[in-house]
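None of the figures in this text is laboratory data; all of them are computed from the coordinates on show. Quantities reported herein were computed from a predicted structural model and do not represent experimental measurements. Please note: Cβ atoms are built from the backbone with ideal geometry, for glycine as well, and neighbour counts cover all protein chains shown.
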Amino acid sequence: METIPYASIVGSLLYAQTCTRPDISFAVSMLGRYQSNLGMDHWKAAKKVLRYLQGTKDYMLTYKRSDHLEVVGYSDLDFVGCVDSRKSTFGYLFLLAEGAISWKSAKQSIIASSTMEVEFVACFEATVHGLWLRNFILGLELSTILPSR
């Protein structure tokens, strides 16, 4: 496994995910957890993401012209998704002009005992970022911004 450029591939995927491909955020987050202790299954999963990117290379972020800008946010989580640490993975996505402007997928720092607890933490993380994002956009002094959803 030492000759496999796994870390380099995960780094490249992380760059693509950060810049233009929110659709691979969850997969890249999962792959990044096994940088130092990878197995053949992790290498196969990384190749699968590369094949997915090859097959969807025409996908792109698009934004639609609008007289009324509205920030729309979505969040979700995978309860106890990591069987090793029993931690959950959460993610959120914010849209403006019907295009993604901010996204994140990460493992929570707490070990929760209920779905309600992790849902609350994930919702809080998304809300904090959403409020920051909204204040940033309001700071641009765009007169057509609508309330966030």
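So here's what we get for this one:
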read-out: Fully extended contour minus Cα-Cα distance, from residue 37 to residue 18, at 0.36 nm per residue; value: 4.5 nm
read-out: Residue-averaged 222 nm ellipticity for the chain, from DSSP H runs of 4+ at -39500 (n - 2.57), nearest 500; value: -14000 deg cm²/dmol
read-out: Diffusion coefficient, µm² s⁻¹, Stokes-Einstein with Kirkwood Rh over alpha-carbon pairs of the chain at 20 °C and 1.002 mPa s; value: 125
read-out: Dmax and Rg, reported as Rg then Dmax, of the stretch 6-55 (C-alpha, Å); value: 9.9, 29
read-out: Cα gyration tensor of the stretch 72-139 - equivalent ellipsoid semi-axes, whole Å, descending; value: 26, 11, 9
read-out: Nonlocal amide H pairs with residue 108, under 5 Å, H built at 1.01 Å; value: 88, 89, 90
read-out: Mean Kyte hydropathy of -0.5 or more with a Cα span along the axis of at least 30 Å, helices from DSSP in the chain; value: 115-139
read-out: In the stretch 37-74, trypsin sites (Lys or Arg not before Pro) in a DSSP loop with at most 11 other beta-carbon atoms within 10 Å; value: 57, 64, 65
read-out: Label-point gap, in nm, between residue 8 and residue 101 - each point 7 angstrom along Cα→Cβ; value: 3.8
